[in-house]
Amino acid sequence: MSNQQLKWLIFSGLSLVWGSSFILMKLAMLHLSPTQVGALRMIIAALFLLLIGAKSLKKITLRQWRILFFIALAGTFIPTFLFTFAIQHIDSGIVAILNSFTPLNTLLVGYFFFHYIFNKRQVAGIIIGILGTILLVGSGAQSHPEANYWYALLVLAATIGYAINVNVIKLYLADLDTMSIAVGNFAWVLFPALVVLYFTGFFQMDFTHAPINMSLLYVGILAIIGTALAMIYFNKMIKIATPIFASSVTYTIPVVALLWGLWDGEYITLLQIFAGGIILLGVYIVNK
């Protein structure tokens with residue numbers, strides 16, 4: 001299979017998997033707190049990756065360990081909690097649309113910190129994306145007064161972390177295989193996530209309660225398929241494609257997430273769909 005075919009196959013799979021991750025977070029939080037879901041997601045993913053790829057840690061140099069610590073913090077640990085707290089207050093479909101700001105932030109981070117060059121069309125795309133975000137958040141706050149759309153800022157902050165992650169992997173870890181990147185990344189977050197989970201009172205919960213176990217099942221699926229395996233293939237896609245192409249998986253994630261949201265009874269207005277379309281148009285222009 002050529003790299004061209006492989007990158008589109010990975011792109012399609014990640015769209016489906018990550019598009020489903022928002023509803024999984026929402027369902028998991030029916031009986032677990034946002035902090036517990038975030039910590040468990042990282043712990044399970046880290047243990048799974050260490051189980052299947054511990055040998056790959058030998059390939060990581062001291063310099064690469066330092067870089068992995070940085071992207072583990074900026075691109076994994078912090079965004080994981082930001083998303084769970086946001087989904088507690090905003091519909092999962094809307095969070096997925098806001099997540100599509102990642103490619104725009106990838107370009108901005110690349111410009112300000114990695115010497116990428118803008119052209120006029122990309123500037124226009126960024127402005128369109130920002131306007132779409134403002135419209136989406138404003139219309140959401142108006143049509144869902146019970147929701148706190150200030151939490152949308154958490155999602156935007158998480159997309160900046162993802163943008164940093166994509167750029168750093170492409171520029172500084174090109175000589176490290178994708179399994180080593182994924183395992184090294186989660187090796188850094190395992191202990192901090194365990195500490196966080198301990199202080200949430202998780203280990204004092206009644207695990208004979210069936211709904212709690214169902215929430216744990218959702219977290220397990222999210223961690224193993226939607227986090228661990230997805231990260232391995234996402235890192236692979238970064239290596240065989242451009243950073244902007246890799247982050248453009250956020251084009252199709254909202255479509256899958258919105259379908260799951262509608263299935264779960266979430267309500268989205270035509271104005272919000274229009275605003276989401278504006279954001280994706282901005283992303284398309286930047287990528288093109």
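Taken together, the values in this text are just the output of simple stated rules run on the coordinates, not laboratory data. Everything quoted here is computed from the prediction, not taken from an experiment. Reconstructed Cβ throughout: ideal geometry from the backbone, glycine too, with neighbour counts over all protein chains shown.
Full extension of the chain between Val123 and Asp175 yields a length gain of 15.6 nm, computed as 0.36 nm times the residue separation minus the alpha carbon distance. When all alpha-carbon pairs of region 1-77 are counted, what percent fall beyond 16 Å? Tail of P(r) above 16 Å: 70 percent of Cα pairs. Using R0 = 41 Å, the C-beta based FRET efficiency linking Phe191 and Leu262 works out to 0.55. Of the residues Ile117, Ala193, Leu30, the one whose Cα sits farthest towards the positive end of the charge dipole of the chain is Ile117 (charges of +1 on Lys and Arg Cβ, -1 on Asp and Glu Cβ, taken about the Cα centre). Protection proxy ranking for 151-164, 261-274, using the average of other Cβ atoms within 10 Å per residue and placing the highest first: 151-164, 261-274. At a Förster distance of 41 Å, what's the computed FRET efficiency of Tyr284 paired with Trp150, Cβ-Cβ distance as r, to 0.05? With a Förster radius of 41 Å, E is 0.90. A simple charge model with +1 on the Cβ of Lys and Arg, -1 on the Cβ of Asp and Glu and nothing else charged puts the dipole of the chain at about 1080 debye relative to its Cα centre.
So if the hydrodynamic radius of the chain is defined as the Kirkwood radius over C-alpha pairs, what does Stokes-Einstein give as its diffusion coefficient at 25 °C and 0.890 mPa s, in µm² per second? Once the numbers are plugged in, D ends up at 128 µm²/s. With N the number of residues in region 131-262, Rg(Cα) / (2.2 N^0.38 Å) evaluates to 1.29. Residue-wise HN-Hα couplings along region 211-219, as the Karplus relation 6.51 cos²θ - 1.76 cosθ + 1.60 with θ = phi - 60° gives them from phi, are x, 5, 5, 5, 4, 5, 5, 4, 5 Hz; Gly and Pro carry x. Rounded, prolate or oblate: which one fits region 1-148, using the alpha carbon gyration tensor with axes a ≥ b ≥ c (rounded when a/c is under 1.5, else prolate when a/b beats b/c, else oblate)? Cα axes put region 1-148 in the oblate bin. Using Cβ point charges alone (K and R +1, D and E -1), the dipole size of region 1-66 about the Cα centre works out to roughly 380 debye. If the segment from Ile273 to Ile134 were pulled out straight at 0.36 nm per residue, it would be longer than the present Cα-Cα gap by 48.7 nm.
Subtracting the Cα-Cα distance of Gln204 and Leu217 from their residue separation scaled by 0.36 nm leaves 2.9 nm. Only Cα pairs under 8 Å and 6+ residues apart enter the sum, and on that basis the relative contact order of region 3-287 stands at 43 percent. The packing ranking of peptides 94-101, 115-122, highest mean first, is 94-101, 115-122, where packing means the average number of other beta carbon atoms within 10 angstrom of each residue.
Region 13-82 and region 250-288 have Cα centres separated by 24 Å.
When each of the peptides 28-36, 104-112 is scored by the mean number of other C-beta atoms lying within 10 Å of its residues, the order from highest to lowest reads 104-112, 28-36.
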